[in-house]
Amino acid sequence: MTALAPSPAHSESVSRRPPRVRRRWSTPTAIKVCAAAVVLVSAVFAAVAAVTSSQVRSGFDAIGHTEAPQVVATNDLVYSLNDMDANLANILMVGDKQLGPGIDRASFTKLYEQDRADADHDLQLAAIHAGDTGAAAREVGQAFDALGSYEALAAQVLYSDSAHAGRAAGQVPTDEAALYAKATDLMQQTVLPAAKAVAAGNGEALETSYENRHGTAQAAQWWIVGAGVLALAALGGTQLFLTRRTHRLLNPALAAATVLTLGLTVWGAVSMSAAAEHLRGAKKDAFDSVAALTAAKALSTDANADESRIIVDPSRAAQYQDSYLAKSRQLMDVGSGATLQSYDTAVKSSLDAYFGDPMKHPVLFGGYFGTELKNITFPGERAAAEQMLRTYQTYELDDRKLRQKIATDLPEAIRFDTSPASSDSDGAFVAYSGALQSVIDINQKAFDSSIAEGLSGMSPWPWVPFGGMALVVVLVVAGARPRLAEYR
């Protein structure tokens, strides 16, 4: 079969079709588009820096100045409540006798009233932070109601005791002992659980807030790097375009803008990384110890009060003895099998292992002290914590002496329990409390310092990035204008 030749008309139409021409922007238009792109990504970089740095800075403010102090305040509330009940027991224990300077009914009454004022103040602050609705508001409301009931019972105890003028120390009338037992049960079973619920809620809220805000600081680093890379790509593309179109190897203004953008990007990444580390150090290295030790301080006061409660109401001595042991194990847990008789031996064994290996310092105990000793971070902290352990051990040994004296010589037991002399029980407790407070102070100072350093590092943000990117825009315009002038 013979192929048909194309018709002349068809050939003519094909040959007359105009050739396809690839259109491109003129050089001035392309320069303007590139400059506009750089301006846009510079604005994006500045916006990203502003938003992320603001979020990170607000994290330092919230944790350092609101959320962490709330945890300390509620632990202080628990301390005030425990000390309040302890001083009520001391008022009954000493009777009308002056056992030494500051060891009498008037002195303990003054301490009781101060604790009462502190507890009321701390609860009012907790109510402000808790708001009007939600679980926290309900917990604070329960604490208020329970504390009011306790204060009413305590007033009855004090009124009843005033009717027994001249009684000897330790000779608490049965009706007073029963009324005090009712008051302290209310404190232990209602007031303190409500206050501890508020403290636990604040602690959980702080932990959640920290996780979120630390994650925000880490993410901010990559957001700034991403925005910076985008800006560098736009600047690099513009420089490459000008090199090809204008046959000039380098545009000084664009080169300066590129160096500036690179510097801002690196600085931003380093700043956000440092902020994340300051936040981690403040919360994990410092405040976790502050929270554990302020809780230990409150619990220690309650345990110390159990010694006075045994004297005030000997019919419940076994209950208070078990309570004392339970609190001791919360402070320094040396094993679930420890009894009041074996606890000292277990503590000695744990401390011998700890002090016996000065290189590794094995922490074979738990509780609040275990939490602290496993989190030693700051200069002087280990020495202070070790002093806390030694004074705690001394206080525990004095508690056993006190129990022996209660059984054999009650007046001497009361003197030993209330005397601030270093060789007596209260003196040992004061030394232990001071050592405990020293460790708290070291960690609190480190926490405050980390928060301050974090805020200081964030102080140039976002103003310097805004100013820097504004300068980038100026440099881009300065670099583009001479090239555009060549085409006029």
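Here are some notes:
- Conditions (1) in contact (Cβ under 8 Å) with a residue 60 or more places away in the chain; (2) under 41 Å from the mean Cα position of the chain (by Cα); (3) surrounded by fewer than 17 Cβ atoms within 10 Å (Cβ to Cβ): number failed by Val266: (1)
- Any hit, segment 49-69, residues being farther than 30 Å from Ser449 by Cβ, out of contact with any Ser or Thr (no Cβ under 6 Å at 6 or more places or on another chain) and in a helix (DSSP H, G or I): no
- For segment 407-418, the condition holds for no residue, the condition being that it is crowded, with 18+ Cβ neighbours inside 10 Å, of a type outside the set (D, E, K, R), under 30 Å from the mean Cα position of the chain (by Cα) and modelled with pLDDT of 90 or more.
- Identity of the residue in segment 269-278, surrounded by 17 or more Cβ atoms within 10 Å (Cβ to Cβ) and among the aliphatic types (A, V, I, L, M), that ends up nearest to Ser456 (Cα to Cα): Ala275
- Scanning segment 98-110 for residues that are outside any helix (DSSP H, G or I), surrounded by 15 or more Cβ atoms within 10 Å (Cβ to Cβ), touching a residue at least 24 places away in the same chain (Cβ under 8 Å) and not aliphatic (A, V, I, L, M) turns up just one, Gly100.
- Residues of segment 36-59 that turn out to be surrounded by 22 or more Cβ atoms within 10 Å (Cβ to Cβ) and either in contact with a Lys or Arg (Cβ under 8 Å, 6 or more places away or on another chain) or farther than 30 Å from Arg213 by Cβ (or both), as a count: 3
- Hits in segment 470-483 (condition: of a type in the set (A, V, I, L, M) and either under 18 Å from Gln221 (Cβ atoms) or surrounded by fewer than 20 Cβ atoms within 10 Å (Cβ to Cβ) (or both)): Ala470, Leu471, Val473, Val474, Val477, Ala478
- Applying the set (1) in a helix (DSSP H, G or I); (2) more than 15 Å from Ser42 (Cβ to Cβ); (3) at pLDDT 85 or above; (4) not hydroxyl-bearing (Ser, Thr, Tyr) to Leu484 leaves exactly one unmet item: (3).
- Members of segment 143-176 that are among the acidic types (Asp, Glu) and more than 15 Å from Val312 (Cβ to Cβ): Asp145, Glu151
- Residue in segment 281-300 that is buried (at least 17 other Cβ atoms within 10 Å of the Cβ), in contact (Cβ under 8 Å) with a residue 40 or more places away in the chain and part of a loop (DSSP other than H, G, I, E, B) present: no
- Residue selected from segment 111-136 under the condition at pLDDT below 90 and loosely packed, with under 15 Cβ neighbours inside 10 Å, by the criterion nearest to Leu77 (Cα to Cα): His121
- Residue match in segment 78-92 (condition: in a helix (DSSP H, G or I), of a type in the set (A, V, I, L, M) and either on the phi > 0 side of the Ramachandran plot or free of Cβ contacts under 8 Å to residues at least 24 places away in the same chain (or both)): no
- One residue from Ala446, Ala346 being small (Gly, Ala, Ser), more than 26 Å from the chain's Cα centre (by Cα) and closer than 30 Å to Asp288 by Cβ: Ala346
- Leading residue by the ranking (surrounded by the fewest Cβ atoms within 10 Å (Cβ to Cβ)) among those in segment 186-229 that are farther than 16 Å from Ala49 by Cα and hydroxyl-bearing (Ser, Thr, Tyr): Thr208
- Hits in segment 304-326 - residues which are of a type in the set (Ser, Thr, Tyr) and surrounded by 18 or more Cβ atoms within 10 Å (Cβ to Cβ): Ser308, Tyr320, Ser323, Tyr324
- When segment 134-177 is filtered for residues that are assigned to a helix (DSSP H, G or I), within 12 Å of Leu92 (Cα to Cα) and in contact (Cβ under 8 Å) with a residue 24 or more places away in the chain, the ones remaining, listed by number, are Ala154, Val157, Leu158, Asp161, Glu176, Ala177.
- Hey, Ala181 part of a helix (DSSP H, G or I) and over 30 Å from Gly479 (Cβ atoms) or not: yes
Residues are listed down the side, and each one gets a yes or a no for (1) at pLDDT 95 or above; (2) within 23 Å of Ala183 (Cα to Cα); (3) among the hydrophobic types (A, V, I, L, M, F, W, C):
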site	(1), (2), (3)
Leu299	yes, yes, yes
Gln341	no, no, no
Met359	no, no, yes
Tyr368	yes, no, no
Thr371	yes, no, no
Asn375	yes, no, no
Gly380	yes, no, no
Glu386	yes, no, no
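- Complete set of residues in segment 410-426 that are within 19 Å of Ile310 (Cβ to Cβ) and either of a type outside the set (D, E, K, R) or touching a His at 6+ places or on another chain (Cβ under 6 Å) (or both): Leu410, Pro411, Ala413, Ile414, Phe416, Thr418, Ser419, Ser425
- Residue check, Gln341 within 18 Å of Asp399 (Cβ to Cβ) and assigned to a loop (DSSP other than H, G, I, E, B): yes
- Residues (among the β-branched types (Val, Ile, Thr) and either modelled with pLDDT of 80 or more or in a helix (DSSP H, G or I) (or both)) located in segment 14-48: Val14, Thr27, Thr29, Ile31, Val33, Val38, Val39, Val41, Val44, Val48
The values are calculated or read from the model by the stated rules, or taken from the named source; none is laboratory data. These numbers were taken from a predicted model, which means no experiment stands behind them. Note that each Cβ is placed from the backbone with ideal geometry, even for glycine, and that neighbours are counted across all protein chains shown.
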